[in-house]
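Since the structure comes first, as C-alpha cells, the remarks are kept for the end.
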Amino acid sequence: MSVTLDTDVVVVGAGPVGLLLAGDLCARGVRTVVVEQLAEPMTESRASTLHARTMEVFAERGILDRLGELPDGGPGHFGGIRLDLTAAVPGHPYAGQWKCAQTRIEAVLQERAVELGARIRRGRRLAGLDDRGDHMRVETVTAEGGKEWLTGAFVAGCDGWQSTVRRLTGFDFVGQDATREMLRADVAGIDIPNRRFERLRDGLATAYRWPDGSTRVMVHVFGATPRTRTGAPGFDEIVAAWAQVTGERIGHGEPLWLNAFDNTRRQASQYRRGRILLAGDAAHVQLPVGGQALNLGLQDAAELGERLAAHLVGQGEVETLDAYHAQRHPLGARTLTNIQAQAFLLLGGHEVDALRETFAELMRFDGVRTRLARAISGLDAPRTRAAPLATVSTSTTTAGDRRARMDRLANKTALVTGSSRGIGRATALRMAGQGALVAVHYASDENAAGETVRLIEQDGGRAFAVQAELGRPGDVHELFLGLERGLKERTGEAVLDILVNNAGEQTAAGVAPEDITPEHFDRLFAVNAKAPFFIVQRALALLPDGGRIINISSGLTRFANPEQTAYAMTKGAIEQISLHFARHLAPRRITVNSVAPGITNNGSPVFDIPEVVEQMAQLSAFKRVGEAVDVADVVMFLATDEARWITGAFVDASGGTLLG
Ligand code: NAP
C-alpha cells in the first residue's frame, strides 16, 4: 500500500540553517515542513558575522536584498591575531566580513521560506523518528502533550549541537570534550571601552558596543575549565570574571543575555543515514569563533538543499545524497581543525605567548594571510553549484540596488573568447556587470583586451585577460593554461560556469565561392569550427553541473550570401556543436545554445560610412544595424538561471533579418 506523504522533507530546527534549507528546497519545488520546538523565534543575537562565501550564497538567492545594507565587520582575526579577511580574494565583491544579528538573519530566512511555500510548525518538539523503509514518520509533541505525526521522504536535522535528530538516529558524534570555557553577555546600561581580544594578565577580554547601546562582553579567565551547568551562567559569575580580567565593574548593568561556550570539538562521522541527513551544528560542534560556526552551517544548508532537490525532483540517484557527505564532511573536519588551532591561540594562557608571536610573524607573509583568510571566509571550498532557484520578488531597496544588479551571475566565472572588441567585449561587460568573473580572451590586440578589462574594473567588476591565437596547433591548450591560472589565482579553483565561443574570423568584403583557396577555407574552419569544438571538449572538465555554453553563429546559416559560403559553413558547424552537445550534457544540466547575430556594429571602419550602414540597415525588420549590446543581452540571458529550460536552440539575434 502506498502512503500519501504530508511533505517531501521534514526539516527539524528553525534556526538559520534549517530556514535557509527550507527556502532552498521550496524554491526548487520540494515540499517542506519545518518543525521547531520554540514557540517564538529567538530574541538573542548570538552569532552576527557573515563571511564571503555565505554572502555569495545569500546574493544568489536575493537574500542580501532583503537584509539591506550590512555594516562592514572590520578586519577579522585568526585566534585573536588580526587578519584582514579582504586579503582572501582581493576584489571579491564580498571579501571581508559583514555584520548582521542572527535574529535578523532568522527573520529574513523565515520570511523567504514561508513565501516560497514552507510550512513552519512551531512549539513542537521532535519526539520520535521512524524509518518506514520508503518514507519517514516523524512524531512531534507540544508543551501540552499534544501529538502530531508527519510523513516525509527525508528528514533534515538542523537542530543544533544538542540535536535530537542525531540522538534519536544514533549518529556517532566523535571528537574531544571541552577544556576551556568562555563567558559572554549582552549588557545594557554600562559604559566601557571597546576591546578586541585583549590578552591581559589574568585572561582574555572583548567588548563591543552594539548600535542599540548595549554591550557584548566576552571574557575568559586563563585556565578556566568548563563548569557543569544546567542553564546559562549567572550574571554575577560574568561580572566577577570581567572584574578579575579587566578591573572594570559592570555589575550595575542590566544583563540582556547570558551565555557560556567552550572549545568542544565533535563531528558526526556520517552526515547521512538512510533518509536522515544532518547539517550545521547538528553535524559538527566547535568553538563559535569569528562566526565560522554559523557560516559553516549555512554553507552546509546550501549544499544539502541542492543535493536533496536534485534527488527528489531531478534525476539524481542516491549517490547525489552521498555526495553531500563526501563534500561537506571533509570540509567540516578541516574547519574544525582550523577552529581548534584558533581556540588554542585564543584561550591558551601565557604559555602560548611565544607561539602567538611566531604565528603573528608568519602572518605577515601574503601567502599565509591569504590561505588563512580564504579558509575562514569559506572560499577554499568548492562552491555549491546552485541549480535554478525560484526567488520571490522583494521591494527594491537602495542598499540592494547595486547588489541586485550584480546578482544574476554572482559567484560565476565566464570565458568569452574574442572579447577584446565587438560582440565579445559587450558580452564580457554585461556578464561582469552581473557579478561574473570574466576571462577576456584575445588573439593579438593586447591593448584592446586590456581596455575591456579596464572598463569592467572601472565599473566595479572582475576580469583578467588571456591570450591565445586560435587556429594554430596547441591553441586550445595555451588558452586553457592561461584561463586556469587566472581562475585559480582569483578564486582558488579552476571552475568555469559559462563558456561563450565568440571569437571568429570572417572576410569583411566576402570572397566569391569560385575564389576561395583551400588555405583560406582551412583557416576559417580552424578558427571558427575546430577551435570552438576543442574548447568545449577541454571545458567539460571545468564546467559544473548547471553550466552554460553559448556558441556565436551567424544569420548567414539561414540567409544566403554566396560571398560568405565558406564562413557560413563554419557557422553551420558551430551550430552542430550546440545541437549534439546539448543532448550529451543534459544529464549535467549544462545548456548549450547558438546565438545568431545579423549585421552587427563591431566598431570596424565600415560602420563609419553612413550610406553603407543605411544599406545594411534595410536587412533588419527594424531597419537598423544591430549594436554589439543587442546581441550581448541575448547571450547574457542564456547564461542566467532563467534560461535553464533552453538548450540545443538556435536563437536568432538578428533584429528580424531572417523574416525576409
Ligand atoms: P570582431 O569585432 O571582429 O572581433 C573578433 C574577436 O575575435 C576579437 O577579440 C579577436 O581578437 C578575436 N579573434 C579573431 N580571430 C581570432 C583568432 N584566430 N584567435 C583568437 N581570437 C581571435 O568580432 P564581432 O564582429 O564582434 O563578431 C563576434 C562573433 O560574432 C564572431 O564569431 C562572428 O563571426 C559573429 N558574427 C558577427 C557579425 C557581425 O556583423 N559583427 C554577424 C554575425 C556573426 P583580437 O582583437 O586579438 O584580434
Give the number of residues within segment 143-159 that are among the small types (G, A, S) and closer than 24 Å to G23 by Cβ.
4
Those residues that are touching a Gly at 6+ places or on another chain (Cβ under 8 Å) and at pLDDT below 95, I need them from segment 138-159; list them, please.
T142, A143
Criterion violated by P532 - all others in (1) out of contact with any strand residue (DSSP E or B) (no Cβ under 6 Å at 6 or more places or on another chain); (2) within 14 Å of the ligand (Cβ to nearest atom) satisfied:
(1)
Give segment 600-617 a look and list any residue that's more than 11 Å from the ligand (Cβ to nearest atom) and loosely packed, with under 11 Cβ neighbours inside 10 Å, or say none.
P605, D608, P610, E611
Return a yes/no flag: does segment 571-586 have any residue that is outside any helix (DSSP H, G or I), more than 11 Å from the ligand (Cβ to nearest atom) and open to solvent by 20 Å² or more (accessible area, probe 1.4 Å).
no
For segment 443-454 the number of residues that are more than 8 Å from the ligand (Cβ to nearest atom) and among the acidic types (D, E) is 1
Among the residues of segment 460-504, what is the count of those that are over 13 Å from I535 (Cα atoms), among the aliphatic types (A, V, I, L, M) and within 16 Å of the ligand (Cβ to nearest atom)?
3
Hits in segment 564-623 - residues which are touching an Asp or Glu at 6+ places or on another chain (Cβ under 6 Å) and either without any contact (Cβ under 8 Å) to a residue 40 or more places away in the chain or more than 17 Å from T657 (Cβ to Cβ) (or both)
R588, R589, N601
Return a yes/no flag: does segment 426-442 have any residue that is free of Cβ contacts under 8 Å to residues at least 40 places away in the same chain, within 16 Å of the ligand (Cβ to nearest atom), crowded, with 24+ Cβ neighbours inside 10 Å and farther than 30 Å from F521 by Cα.
yes
Can you tell me which residue among T49, T43 is under 20 Å from the mean Cα position of the chain (by Cα) and hydroxyl-bearing (S, T, Y)?
T49
Exactly one of these conditions fails for E457: (1) in contact with a Phe, Trp or Tyr (Cβ under 9 Å, 6 or more places away or on another chain); (2) away from the ligand (no atom under 14 Å from the Cβ). Give me its number.
(1)
Given (1) surrounded by 23 or more Cβ atoms within 10 Å (Cβ to Cβ); (2) part of a loop (DSSP other than H, G, I, E, B), A156 misses just (2)
Considering each of A653, A643, A639, A596 in turn, give the residue that is among the hydrophobic types (A, V, I, L, M, F, W, C) and touching a Phe, Trp or Tyr at 6+ places or on another chain (Cβ under 6 Å).
A643
Please give the number of the condition P93 fails out of (1) farther than 22 Å from A381 by Cβ; (2) open to solvent by 40 Å² or more (accessible area, probe 1.4 Å).
(1)
Restricting to segment 589-599, and then to whatever is within 9 Å of the ligand (Cβ to nearest atom) and either at pLDDT below 95 or not in a loop (DSSP other than H, G, I, E, B) (or both), can you tell me which residue is nearest to I498 (Cα to Cα)?
V595
Complete set of residues in segment 186-198 that are under 30 Å from H284 (Cα atoms) and modelled with pLDDT of 95 or more:
V187
So, in segment 257-303, of the ones that are of a type in the set (S, T, N, Q) and part of a strand (DSSP E or B), which residue ends up farthest from G332 (Cα to Cα)?
N259
Condition met for A632 (modelled with pLDDT of 95 or more and within 11 Å of the ligand (Cβ to nearest atom)):
yes
Kindly establish whether F197 is on the phi > 0 side of the Ramachandran plot, open to solvent by 10 Å² or more (accessible area, probe 1.4 Å) and of a type outside the set (G, A, S).
yes
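Listed here are the residues, each with its yes/no results for (1) part of a loop (DSSP other than H, G, I, E, B); (2) open to solvent by less than 40 Å² (accessible area, probe 1.4 Å).
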| residue | (1), (2) |
| --- | --- |
| Y208 | no, no |
| P211 | yes, no |
| V217 | no, yes |
| H220 | no, yes |
| I238 | no, yes |
| Q244 | no, no |
| R249 | yes, no |
| H252 | yes, no |
| P255 | no, no |
Over segment 512-523, the set of residues within 25 Å of Y442 (Cα to Cα) and touching a residue at least 12 places away in the same chain (Cβ under 8 Å) is H520, F521, R523
Report, ordered by the first and then the second residue, all pairs with beta carbons closer than 6 Å, sequence separation of six or more or different chains, a first member in segment 109-125 that is among the polar types (S, T, N, Q), and a second member that is in a helix (DSSP H, G or I) and crowded, with 16+ Cβ neighbours inside 10 Å.
Q110/L19
Here's a check for you: in segment 536-553, which residue that is within 13 Å of S578 (Cβ to Cβ) and of a type outside the set (K, R) is nearest to the ligand (Cβ to nearest atom)?
I552
Output the residue which, of all residues in segment 73-90 that are in a loop (DSSP other than H, G, I, E, B) and modelled with pLDDT of 90 or more, is least open to solvent (accessible area, probe 1.4 Å).
G79
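Each row is one residue, and each column tells you yes or no for (1) in contact with a Pro (Cβ under 8 Å, 6 or more places away or on another chain); (2) at pLDDT below 95; (3) open to solvent by 20 Å² or more (accessible area, probe 1.4 Å).
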| position | (1), (2), (3) |
| --- | --- |
| H311 | no, yes, yes |
| H325 | no, yes, yes |
| R328 | no, yes, no |
| L355 | no, no, yes |
T507 vs (1) surrounded by 17 or more Cβ atoms within 10 Å (Cβ to Cβ); (2) within 13 Å of the ligand (Cβ to nearest atom): all pass except (1)
Within segment 480-519, the count of residues that are hydrophobic (A, V, I, L, M, F, W, C) and farther than 28 Å from I599 by Cα comes to 7
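The values are calculated or read from the model by the stated rules, or taken from the named source; none is laboratory data. Quick caveat: nothing in here was measured; it's all calculated off a predicted structure. Cβ atoms come from the backbone with ideal geometry, glycine included; neighbour counts cover every protein chain shown. When the accessible area is computed, the model is the full protein with side chains, heavy atoms only, and any ligands, DNA or RNA have been set aside. Shrake-Rupley method; radii C 1.70, N 1.55, O 1.52, S 1.80 Å.
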